[in-house]
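Contents: one structure, followed by commentary.
No lab work stands behind these numbers, since they all come straight from the coordinates. Because the structure is a prediction, the values reported are computed rather than measured. Glycine gets a Cβ as well: all are built from the backbone with ideal geometry, and neighbour counts include every protein chain shown.
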Amino acid sequence: MIVVMEERATEAQIDAVIARLIELGMDVHRSSGATRTVLGVVGTGKIEKEMIEILDGVHEVLRISEPYKRASRSYHPEDTVVTIDDLRIGGDEVIVMAGPCSAESDEQCQATAAAVRRAGAKVLRGGAFKPRSSPYSFQGHGEHGLQMLRRAADTHTLKLVSEVMDVSQIELVAKYCDIFQVGARNMQNYTLLRELGHARKPVLLKRGISATIEEWLLSAEYILAGGNTDVILCERGIRTFETATRNTFDISAIPVVKKLSHLPVVADPSHGAGRRDMVAQLARAAVAAGADGLIIEVHNDPDHALSDGAQSMFPAQFDRLMAELRIIAPAIGRSICLEAVARRGWAR
């Protein structure tokens, strides 16, 4: 339910409506726009809209038809901006996250972090716990991998996003990362999502391998319902009947989700294609489609990577892509790491 207050509603009237809704057993989220205050109301109780419409200062009461409430743009009309220190995901700047699929060695982490930072990335991505389709594939270095990634991120003034696979790992991963990543295979691990709802760090939620947009937003709802409002959605491609690429990268999902939800959307063109020769094209398209960020696999020596080398860009390729994105972003009113432009003397 959405309660839209009158344009001239007083604070006392707004507080009285909130108090009445809480008294009826509902949770209330207040959002103040340019002219009106909007109250998002969620709960299991039943409320007749007429009971609320007669309260002083109420302009109208609307039912939310979507099964996801807190993730809905009707509930929260303004865009959510996830803030970590001076980093803003969902604002005017397109935030780029880049790094290796998995932490392999200190040398590899440091070299890759230096390269992506120099090109303009703001967040280091990298896995320490790797959910692989085959039990015989490299599974990651665990806490040692997290330590390597944290050292590299700190050395090069980057934030760190890394995957958490299980409830038992939350506390450990939280010691090292700035953003929790929930992978495609765990998008519907509701026990994990509920616990991350109690966490006080942002969560990057990847779309499931065969998930619909509604299922994806309902998974976000689990985290939001727990009280964690810092959720970032990640489109990473879905499984279809097509076999030419690793997944089918759903560019259309970006504008669709931006219309349905207030949450920021990041695109993962590396998993979307599974081939490094397609990553740049998909990244450019994602930014043009309105993505708030990108998460890209980059490796200092991808031909010898222990995981996902075929889709990992060489640093020089990533450097060139970032220069291209700086041409595309301003065309749609966005920017990408302008301080890197100043550092390296690139033309805008």
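Tabulated data
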{"item": "The chain, helix-only ellipticity at 222 nm - DSSP H runs n ≥ 4, -39,500 (n - 2.57), divided by all residues, nearest 500", "result": "-10000 deg cm²/dmol"}
{"item": "Neighbour-count ranking [beta-carbon atoms within 10 angstrom, fewest first] of Thr37, Thr248", "result": "Thr248, Thr37"}
{"item": "Ordering of 202-211, 297-306, 259-268, 22-31 by packing [mean C-beta count within 10 Å, highest first]", "result": "259-268, 202-211, 297-306, 22-31"}
{"item": "Relative packing of 4-16, 67-79, 153-165, which averages over residues the other C-beta atoms within 10 Å, highest first", "result": "153-165, 67-79, 4-16"}
{"item": "Convex hull volume per residue in cubic angstrom - Cα atoms of the chain", "result": "142 Å³"}
{"item": "Alpha carbon convex hull of the stretch 2-62, volume per residue in cubic angstrom", "result": "67 Å³"}
{"item": "Rounded to whole Hz, the Karplus (6.51, -1.76, 1.60) HN-Hα couplings of the stretch 229-246, x for glycine and proline", "result": "8, 8, 10, 10, 8, 10, 7, 10, x, 10, 7, 10, 7, 6, 10, 5, 10, 4"}
{"item": "Relative contact order (%) - criterion: Cα under 8 Å, at least six apart; region: the stretch 82-344", "result": "21 percent"}
